[in-house]
There are 2 protein chains.
Amino acid sequence: MSGSTIRLCVEHPLGEGQTLSLSRAQAHYLFGVMRLGAGDGIAVFNGRDGEWRASVAQAGKRGGTLTCEIQTAPQRDPPDLWLIFAPVKKARTDFIVEKATEMGAARIVPVQTDFTNSERIRQDRLQAHAVEAAEQCGGTFVPEVTALHKLDTLLADWPADRRLMFCDEALAGGACALPSGGRGQPWAVLIGPEGGFSPPERARLSALPFAHPVALGPRILRADTAAVAALTLWQTACGDWS
Amino acid sequence: MSGSTIRLCVEHPLGEGQTLSLSRAQAHYLFGVMRLGAGDGIAVFNGRDGEWRASVAQAGKRGGTLTCEIQTAPQRDPPDLWLIFAPVKKARTDFIVEKATEMGAARIVPVQTDFTNSERIRQDRLQAHAVEAAEQCGGTFVPEVTALHKLDTLLADWPADRRLMFCDEALAGGACALPSGGRGQPWAVLIGPEGGFSPPERARLSALPFAHPVALGPRILRADTAAVAALTLWQTACGDWS
């Protein structure tokens, strides 16, 4: 995937000869910002059918259509990994969603913890960031950004077969390794809020039979740094980075 | 290190009873923004003498003094690791410096590559970001941000004993592992610009006897994400994360 090809995430099914109609925002981007015209080619994906080459059939100010031509890459889904994180300030929350998408999380779950400041998120905005990151990073998959959950509720309803890697600044200097044998299984990575987990949360997490505490080195990381570092550890030990 | 303690990086030597005079900006922060007054305690470090508790002796609008009381953490230097990166857009370059500091790089080296857009950097601004990140992450060390080098020149003057891990999006899907046996040696991690290395650069890097190409997974990462991911791989394989 060359950095110079425009990539667009669309909703339509993709197949040879398929006509794709563009949203107003997409038409503005392609024809107003990028100055494409009839016949120009871009790459499209929809999260299910891989990446396809499509050409501009009709270019208008408020809409337009593409014709889907040929598949250029197969669909590639990330491992079955959730990233669970406590929202921080707006820009850093956006970054966490962007980075989780690039790093190959399949689902992004904002949680409210005892020390989380924000009590609401803009789910649609965060989902749009995930789409943009997928367009940018050459992926064919867009992770779902869920609504804000309470950590307590999320843990109470935890799926029986999903392991949890939890990263806690209180562990600084401890073991950074994941248990071997976790490859191919459903996992979640949980990043604490800036300020860490509360003592009751920490006690509860440590006692969970499916939870694996992991340290992220001897320095304290900001939440967005911690998300990338934790996903790197997980991807190399259990994911699609090897 | 609790998240609620104010940490300040100062220039002075630190020792029991030492008086530390504050810059105008530091005085504004402590007394104007954080509303500290005489007798209040903060943590200070200077990159050499560990972390110390200091109390406000004199608080003024344009200056003030602290008295250094007792050492609260020993000096802790990161491994001998350089992060070499091609500057990108301003905000992301700031992020790379911040993240390299949190992740424990000892020196941060901006380089101009064939596909680097920016031809100049604000070295003082980037250095200030490294100071702020060190204050924030609980570290006692501030990495030096060097002037902008040309990649060619940097490689021509390369120190004989320093290994180079270079991360290239063209390697996507390749091996993510570092050679074993690199621990305790001087290293550098090189992150390519967005758009990747040019073919001549790639050929030159691949031929260097001290260079180890490393892939950062199957997706294309933005430069700031790649910096954190690469430093995570290096720290766990060769650094102080284990």
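The values are calculated or read from the model by the stated rules, or taken from the named source; none is laboratory data. Source: prediction; values computed, not measured. No Cβ is skipped: glycine too gets one built from the backbone with ideal geometry, and neighbour counts run over all protein chains shown. Surface areas here come from the heavy atoms of the whole protein model, side chains and all, with no ligands, DNA or RNA. Shrake-Rupley method; radii C 1.70, N 1.55, O 1.52, S 1.80 Å.
Does A:Ala170 fit the bill of being assigned to a helix (DSSP H, G or I), crowded, with 18+ Cβ neighbours inside 10 Å and in the same structural domain as A:Val88 (by TED's automatic domain parsing)? Taking the combined requirement at face value, the residue does not satisfy it. Would you mind stating whether B:Ala177 is modelled with pLDDT under 90, within 14 Å of another protein chain (Cβ to nearest Cβ) and surrounded by fewer than 18 Cβ atoms within 10 Å (Cβ to Cβ)? The answer is yes for B:Ala177. Please verify whether B:Leu154 is closer than 18 Å to B:Pro79 by Cβ, away from chain A (no Cβ under 14 Å) and at pLDDT 95 or above, treating the condition exactly as stated. No; evaluated as a whole, the condition is false for this residue. Does A:Ala100 meet the test of being in contact (Cβ under 8 Å) with a residue 40 or more places away in the chain, assigned by TED's automatic domain parsing to the domain that holds A:Leu190 and in a helix (DSSP H, G or I)? Judged against the criteria, A:Ala100 is a match. The lone criterion from (1) surrounded by fewer than 23 Cβ atoms within 10 Å (Cβ to Cβ); (2) in contact with a Leu (Cβ under 9 Å, 6 or more places away or on another chain); (3) among the aliphatic types (A, V, I, L, M) left unmet by A:Ile191 is number (1). Here's a check for you: in the stretch A:198-215, which residue that is open to solvent by less than 20 Å² (accessible area, probe 1.4 Å) and in a loop (DSSP other than H, G, I, E, B) is farthest from the other protein chains (Cβ to nearest Cβ)? Result: A:Ser198. Exactly one residue out of A:Ala188, A:Ala130 is of a type in the set (A, V, I, L, M), within 14 Å of another protein chain (Cβ to nearest Cβ) and within 24 Å of A:Trp241 (Cα to Cα): that is A:Ala130. Residues in the stretch A:216-230 that are closer than 17 Å to B:Thr236 by Cα and more than 8 Å from chain B (Cβ to nearest Cβ): 3 in all. Annotation: of all residues in the stretch B:4-63 being part of a loop (DSSP other than H, G, I, E, B), within 25 Å of the chain's Cα centre (by Cα) and charged (D, E, K, R), the one that is farthest from B:Ala128 (Cα to Cα) is B:Asp49.
Every condition in (1) farther than 20 Å from B:Ala100 by Cα; (2) surrounded by 19 or more Cβ atoms within 10 Å (Cβ to Cβ) holds for A:Leu233 except the one numbered (1).
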